[in-house]
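These notes are about the structure you will find just below.
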Amino acid sequence: MMNGAEVAKHNTAEDLWMIVNGQVYDLTGFPHPGGQRILLKYAGKDATEPYEEVHPPGTIENNLPKDKHLGPVDMSTVDKVVEKVEERSKQEGPSLVNCLNLDDFEKAAEQMLKTKAWAYYRSAADDELTHDWNRRSYSRLRLRPRVMRDVSTVHLTTTILGHKSELPFFIAPAAMGRLAHPEGEKCLARGAKLYGIPYVVSANSSVSMEELAAQGADQTLFYQLYVNKDRKKTEEQLKRVVKAGFKAIIVTVDAPVAGKRERDERTKLDLDAADDPSMRKAVAATAPDAPDRPQQNPAAQGIAQTLGSYVDPALQWTDIAWMKRVTGGLPIVVKGIQSAEDAALATHYGASAIYLSNHGGRQLEGAPSSLETLLEIRKYEPWILDSKTEIWCDGGVRRGTDIVKLLALGAKAVGIGRPFMYSLAFGDDGVNQVATILRDELAQNVRLVGSTKLSQLEPSLVNASELEQDIYNGPYDSPVKTVLAKL
């Protein structure tokens, strides 16, 4: 058995050992997706804690070849790596009792989470204008409530892809839950089961899909998929999804490359390189030769860049049929629809639902909010609203009235992402509180617009004239007509 002093000697790029879960690995020359700076940070040290923050526990054997394993180390001889965390005043820390709305959870999370966790969850593309616009777009719609109706009781149940849901919203896919809480996505799965709503498990979840599926029987779990450049790996992944009992595949199509999320990138640079001379030297050795060099500076790669490096940019509409075939016919939901044309094509090629989303403003700066895309569909492809294809929306939803507006305009279900991730700072109690707040606001506002069940929410309850002024008004020719003409 090796000792810590022996391992510590192997701490350079040319001779790099690392400890994970009491085992030593020779990672010299290993092609880590995040670049060599990640490996150098923990060279010769115990990297168990940071490793398990971004990988499900016990999965290192799936990520490293067996020939990299050198054997066990006596952990009593190893100095523990302690991550540097900003000093914050804890005298009057955030309290769950004081979180009365979803914005309160964001404020609390900023104070409670580690810097890198907060930056990853909150980051958005470029100047973060689209992230902000997602929020503001709901304020440009007015409600037209009806009165003198018997609203003594209200029923919020619905079906999503044929599965009963106690509420018309679900937990949207978001990665790296264990950055906020040791139980990570397990808290989300338990909360979804408790409230009887679906949970879309992120492809980059820090808890394995099998563990999440084991949280409870009779739970509606969907799986988010990023198609791998190596299609065989995706097929193997989909077979695991089917075996674990997931009910649908949510294929994300708006991230052929990761968006430029400077908040995330800047934090990674600050934490990993700024105060470490060896890191600065490594960064200098791999920096771009010229501004137009296509590769991004490795030092500025945030978590999002690292996680998205395997995504296949060659995905096409005909791949929907391939995914259905591999999964034995599971429903395929296309996530990332941002135009009426693509909504029509996704419906035509057999999507069970079209998921209107701009990735929470994290991909393309200037992309439309899901609310705008929904209005565009109503204008140019209204037949979709009468088809069997469901319409889902997410992005910037923070109030029950936001959900009412989306449902009235034709959405079937609404995804909630960041608020649930922020709530993980409080664990299960935080997740449950977010669901409770949304449920109560929704029940209150459905009644205030004069309805007693979701099916009574209709377009006449919404005045969208102000936002409709910004909807695309150029030439339009439905791509479905073109596709059908070729058949």
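The values are calculated or read from the model by the stated rules, or taken from the named source; none is laboratory data. Since this is a predicted model, take the numbers as computed values, not measurements. So basically every Cβ, Gly included, is an ideal-geometry build from the backbone, and we count neighbours across all protein chains shown. Areas reflect the complete protein model, heavy atoms only, side chains present, ligands, DNA and RNA absent. Shrake-Rupley method; radii C 1.70, N 1.55, O 1.52, S 1.80 Å.
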Next on the checklist: Under the rule of at least 5 residues apart or a separate chain, name every residue whose amide H is placed under 5 Å from the amide H of residue 462.
Outcome noted: 144
Item to check | Projected label distance in nm at residue 150 and residue 322, using a 7 Å step from Cα toward the beta-carbon | outcome: 5.6 nm
Checklist entry - Expressed in nm to one decimal, what extension gain is obtained for the pair residue 101 and residue 129 from 0.36 nm per residue of sequence separation less their Cα-Cα distance? => result 7.8 nm
Item to check | Set of aspartates and glutamates with alpha-carbon distance to residue 260 below 18 Å, sequence-local pairs under 8 removed | outcome: 126, 127, 128, 132, 270, 292, 312, 365
Next on the checklist: Using amide H atoms built in the peptide plane, which far-off residues or other-chain residues are under 5 Å from residue 228 H to H?
Outcome noted: 234, 312
Checklist entry - What residues have an amide H closer than 5 Å to that of residue 165, excluding those fewer than 5 places away on the same chain, when H is modeled at 1.01 Å from N in the peptide plane? => result 158, 159, 160
Checklist entry - Across the range 207-220, in residue order, what do the Karplus-derived ³J(HN,Hα) couplings come to in whole Hz, using 6.51 cos²θ - 1.76 cosθ + 1.60 with θ = phi - 60° and x for Gly and Pro? => result 10, 5, 4, 5, 4, 5, 5, 7, 5, x, 6, 6, 10, 8
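Please compute the Kirkwood hydrodynamic radius over the range 97-159, one decimal place, Å, based on all pairs of different Cα atoms.
Radius from the Kirkwood sum: 15.8 Å.
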Checklist entry - Over the range 358-461, what is the mean sequence separation of C-alpha contacts under 8 Å (at least six apart), divided by residue count, expressed as relative contact order in percent? => result 25 percent
Next on the checklist: If I compute solvent accessible area with a 1.4 Å probe over the protein chains, what percent of it on the range 363-425 is carbon and sulfur?
Outcome noted: 50 percent
Checklist outcome for this item: If R0 = 35 Å, then residue 266 and residue 30, at their Cβ-Cβ distance, give a FRET efficiency to the nearest 0.05 of 0.85
Checklist entry - With each pseudo-label sitting 7 Å past Cα toward Cβ, what's the residue 469-residue 76 distance in nm, one decimal? => result 7.5 nm
Checklist entry - For the range 399-465, with only Lys/Arg (+1) and Asp/Glu (-1) charged at the beta-carbon, what is the dipole magnitude about the Cα centre, in debye rounded to 20? => result 220 debye
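Just the C-alpha atoms of the range 372-487: what Rg/Rh do they give, with Rh taken as the Kirkwood radius?
Dividing the radius of gyration by the Kirkwood radius yields 1.06.
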Checklist entry - Give or take rounding to whole Å, what are the principal axis extents of the alpha carbon atoms in the range 124-216, in descending order? => result 50, 40, 23
Item to check | Inter-label distance, nm, simple model (7 Å from Cα along the C-beta direction), residue 452/residue 257 | outcome: 5.6 nm
